[in-house]
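The values are calculated or read from the model by the stated rules, or taken from the named source; none is laboratory data. Source: prediction; values computed, not measured. Methodologically, a virtual Cβ is constructed for each residue, glycine included, from the backbone with ideal geometry; neighbour enumeration extends over all protein chains shown. These area figures cover heavy atoms from the full protein model, side chains too; ligands, DNA and RNA do not enter into them. Shrake-Rupley method; radii C 1.70, N 1.55, O 1.52, S 1.80 Å.
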Number of protein chains: 2
Amino acid sequence: MIRKTKVQIRSLDVARLAGVSRSAVSRTYTTGAYVSEETRQKVLSAAEMLGYAPNALARSLITKRTGIVGIVSTDLDNPFYAALLQQLGTALQDAGLAPLLLFGDENSTDQQITQMMSYRVDALAMTNATLSSRMAARFAASDKPIVAINRYLAQEEITSITCDNADGAAKVVDHLVEIGCRKIAFVAGHPDASSSRDRESGFLRQMAQHGLSPTLIAVGDYTHYGGAEAARRILGAGKTPDAIACANDLMAFGVMDVARNTFGINIPGQLKVTGFDNSSLADWPSHALTSVDQNVAKMVQLAVALILAGITGTPQATPSHLQISSRLVLRASTIG
Amino acid sequence: MIRKTKVQIRSLDVARLAGVSRSAVSRTYTTGAYVSEETRQKVLSAAEMLGYAPNALARSLITKRTGIVGIVSTDLDNPFYAALLQQLGTALQDAGLAPLLLFGDENSTDQQITQMMSYRVDALAMTNATLSSRMAARFAASDKPIVAINRYLAQEEITSITCDNADGAAKVVDHLVEIGCRKIAFVAGHPDASSSRDRESGFLRQMAQHGLSPTLIAVGDYTHYGGAEAARRILGAGKTPDAIACANDLMAFGVMDVARNTFGINIPGQLKVTGFDNSSLADWPSHALTSVDQNVAKMVQLAVALILAGITGTPQATPSHLQISSRLVLRASTIG
DNA sequence: CAATATGCTGCACACATGTGCAGAGTGGAA
DNA sequence: TTCCACTCTGCACATGTGTGCAGCATATTG
């Protein structure tokens, strides 16, 4: 059996084969460095022959840049986060950066951050996570950009990007009231998440604006199962509402499933249901869910711009909380 | 305004503060190296004070191990791939490895591989991708494990893990025939994907086994939209089938949407529909889709075991095509 | 032709770390 | 005391790369 060659190909090997110095090889792969077209070609063909690719890790020792961006993500059961991750990853990739992906729940996030730091990521994007203040301070001290997407954290050092969650929820209330609903229940997400709190407070505020108070508030934990459970509690409680507003789409799907299948309720005839996220599933005829669009593309664009600015050393703007305007998308779950 | 300190903290800084040599610091972070408990504690408290984390990149220069595993993934619109990515990522994380994520379509994969190679990933997992043979050979030459998940590639150097796609499709046919279906149509996925070809051939073989030939075969490109389009073609073609078997769940959802909403067909009364993947959505009451379970957990477990074995230098088993047995899960889309 | 400018190359150092090896220090036994 | 075994430490080299600087060859100008 033939033993494969395990030896790593270095720039020196390429240099020897091409008959030039190692510096020439390095400069060939560095944009904007002095190399004559002739040696450049010699280098490239030698590299091709040997299957050489510059060692990005060794390079990072010198340049202080790894080109790696850490992403700490929640689980992808929620199609909204799957879409977010994909768009974010693609955008970073297009900017020449590579995402290092770690999944973290509330308890393990500090550990993931440590790992990210040991890989010297150029920036950090978080789509989940309550972050301990010790870690936040430590990462912020490294002067690298860190951005929280779709939720904001307690730490002031961290820039966050969310949609105007309260406003979005208010739009939902306005719409429901306009089409005649008065007894409106609310299904909240995870109590720790800022997005859930903001959507709930926006809901309540706008209800009060209309002189209404919520029929019932249940917690659905942002999952399909939790939404279904919440629906059982709400619809089984006697005073049936004429609308249920949910803090995300996934729970709304659970609510509709239970309303239709367990309680035999017609949607939107007897009950209107709304979601939040406008995930691609909301547009399927089987769901046709009225939902609030968060404009993921804009969120991602903003996040990447922020990260790039931070990496290229543009003077760090003071950390802030950026809000993107949301948009209510009407579908058959509220309008017949 | 206070200028943040941009200086990187090195092991030397920790060593000085702790009053030991740099080697002692290094050994503190290396499992199974001689350090007295006393100096270990001195080092750890000094590190904590400075916020030090060893530079994993510099370390990799010496150890020849990065701890990074490349994942080349398709887009995550398909919830099956989202679940696969999450489970794979988590499993790698638990094994002390960090996934570097790149999204690649058929055309760009070679470029992603080059990038992965320049980051010196310890292993490569691909969930998509037709890979050029030049790239396959190049990566295989580096003697690092590479595994294709959920599809196999033309190159023999690459181990692949799939479920027994043909068998799964055959089980679908058996089930449909058993409950009385005779006029069965098939919606294929993407013609380039081995999974689609295998499922189709398994379907056809088992149909022949029962003395049947398919009513119609349409291509749905593995998307919800494609499935919906395929359903329009099939159901609009006059000779309406009594069952439509789909090469994945996403297309089946599209088929059901169109059948119910556009053609007013009752499922499963007038038409049975089956999927493939058993994604979490299939279990929702709104879909209740009979589907083939691929056993993602097992696929991931196998993939990670293979990767770990390859990394730790266990003599590389000859590349092969591993198959996992699938399981048909019955739901209301076929049984009333 | 001389003087200067231009385009390019190679040397040598720096980056942050792991590890083999020699040797220092300690304790115990003869 | 002397010798040996044992546990640990620090020196120094290696890993693969980017880049400032000096210098070489060639082109341009006076």
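Does segment A:202-221 hold any residues that are over 20 Å from A:F253 (Cα atoms) and under 22 Å from the mean Cα position of the chain (by Cα), and which are they? Result: A:G202, single match. Look through segment B:2-38, keep the residues that are under 38 Å from the mean Cα position of the chain (by Cα) and not hydroxyl-bearing (S, T, Y), and return whichever of them is farthest from DNA strand D (Cβ to nearest atom). Once the filter is applied, the top-ranked residue is B:I9.
Condition first: at pLDDT 90 or above, assigned to a loop (DSSP other than H, G, I, E, B) and not assigned by TED's automatic domain parsing to the domain that holds A:A309. Can you find one or more residues in segment A:197-207 that meet it? For segment A:197-207, residues at pLDDT 90 or above, assigned to a loop (DSSP other than H, G, I, E, B) and not assigned by TED's automatic domain parsing to the domain that holds A:A309: absent. Residues in segment A:61-75 that are in contact (Cβ under 8 Å) with a residue 40 or more places away in the chain and away from DNA strand C (no atom under 13 Å from the Cβ): A:G67, A:I68, A:V69, A:G70, A:I71, A:V72, A:S73, A:T74. Report whether or not A:Q41 is more than 8 Å from DNA strand D (Cβ to nearest atom) and surrounded by fewer than 18 Cβ atoms within 10 Å (Cβ to Cβ). Taking the combined requirement at face value, the residue satisfies it. Against the test of being among the hydroxyl-bearing types (S, T, Y) and not assigned by TED's automatic domain parsing to the domain that holds A:V173, the options A:S286, A:S320, A:S279 yield a single qualifying residue, A:S320.
Condition check for B:V20 on (1) more than 10 Å from DNA strand C (Cβ to nearest atom); (2) aliphatic (A, V, I, L, M); (3) touching a Leu at 6+ places or on another chain (Cβ under 8 Å): one failure, at (3). Here segment A:96-125 is the region considered, the condition is being more than 7 Å from chain B (Cβ to nearest Cβ) and free of Cβ contacts under 8 Å to residues at least 12 places away in the same chain, and the residue that is surrounded by the fewest Cβ atoms within 10 Å (Cβ to Cβ) is A:N107.
Entry remark, segment B:40-98: residues being hydroxyl-bearing (S, T, Y) and touching a Pro at 6+ places or on another chain (Cβ under 7 Å) number 0 in total.
If you go through segment B:72-94 and keep only what is within 18 Å of A:L85 (Cα to Cα) and either facing chain A (nearest Cβ under 8 Å) or surrounded by fewer than 19 Cβ atoms within 10 Å (Cβ to Cβ) (or both), you end up with B:D75, B:L76, B:D77, B:P79, B:A82, B:A83, B:L85, B:Q86, B:G89, B:T90, B:Q93.
Does segment B:249-270 contain at least one residue that is under 21 Å from A:L281 (Cα atoms) and in a strand (DSSP E or B)? No, segment B:249-270 contains no residue that is under 21 Å from A:L281 (Cα atoms) and in a strand (DSSP E or B).
For segment A:288-302, a residue qualifies if it is under 18 Å from A:L176 (Cβ atoms) and free of Cβ contacts under 8 Å to residues at least 60 places away in the same chain, and the qualifying residues are A:A288, A:L289, A:S291, A:D293. Among residues that are outside the structural domain of A:G104 (by TED's automatic domain parsing), more than 10 Å from DNA strand C (Cβ to nearest atom) and surrounded by 15 or more Cβ atoms within 10 Å (Cβ to Cβ), A:A15 is not included. In segment A:39-60, the qualifying residues are those that are under 32 Å from the mean Cα position of the chain (by Cα) and more than 8 Å from DNA strand C (Cβ to nearest atom), and the one that is nearest to A:I311 (Cα to Cα) is A:S60. Taken as a whole, the condition of being more than 16 Å from DNA strand D (Cβ to nearest atom), at negative phi, touching a residue at least 24 places away in the same chain (Cβ under 8 Å) and not assigned by TED's automatic domain parsing to the domain that holds B:A125 does not apply to B:L84.
The set of residues in segment A:282-298 being open to solvent by 10 Å² or more (accessible area, probe 1.4 Å) and either within 12 Å of chain B (Cβ to nearest Cβ) or not charged (D, E, K, R) (or both) consists of A:D283, A:W284, A:P285, A:S286, A:A288, A:N295, A:V296, A:A297. Residues that are among the β-branched types (V, I, T) and within 14 Å of chain B (Cβ to nearest Cβ) were ranked within segment A:222-262; the one that is most open to solvent (accessible area, probe 1.4 Å) is A:T262. Would you check if B:L17 is facing chain A (nearest Cβ under 10 Å) and either within 30 Å of B:N278 (Cβ to Cβ) or not in a loop (DSSP other than H, G, I, E, B) (or both)? Taking the combined requirement at face value, the residue does not satisfy it. Every residue in segment B:299-318 that is more than 12 Å from every other protein chain (Cβ to nearest Cβ) and β-branched (V, I, T), please. The answer is B:V300, B:V304, B:I307, B:I311, B:T312, B:T314. Within the set A:V147, A:V187, the sole residue that is assigned to a strand (DSSP E or B), touching a helix residue (DSSP H, G or I) at 6+ places or on another chain (Cβ under 6 Å) and at pLDDT 95 or above turns out to be A:V187. Residue-level check: of (1) modelled with pLDDT of 95 or more; (2) within 18 Å of the chain's Cα centre (by Cα), A:L322 misses just (1).
Note on segment B:147-158: residues that are open to solvent by 20 Å² or more (accessible area, probe 1.4 Å) and under 15 Å from the mean Cα position of the chain (by Cα) amount to 3. Sub-8 Å Cβ pairs linking a first residue in segment B:163-177 that is over 17 Å from B:N295 (Cβ atoms) to a second residue that is aliphatic (A, V, I, L, M) and assigned to a helix (DSSP H, G or I), at least 6 apart or interchain, are B:V173/B:M207, ordered by first then second residue.
Scanning segment A:55-71 for residues that are surrounded by 20 or more Cβ atoms within 10 Å (Cβ to Cβ), small (G, A, S) and at the interface with another protein chain (Cβ under 8 Å from one of its Cβ atoms) turns up A:A56, A:S60.
Selection of segment A:23-38 for residues being more than 10 Å from DNA strand C (Cβ to nearest atom) and either surrounded by fewer than 18 Cβ atoms within 10 Å (Cβ to Cβ) or part of a helix (DSSP H, G or I) (or both) yields A:T30, A:T31, A:G32.
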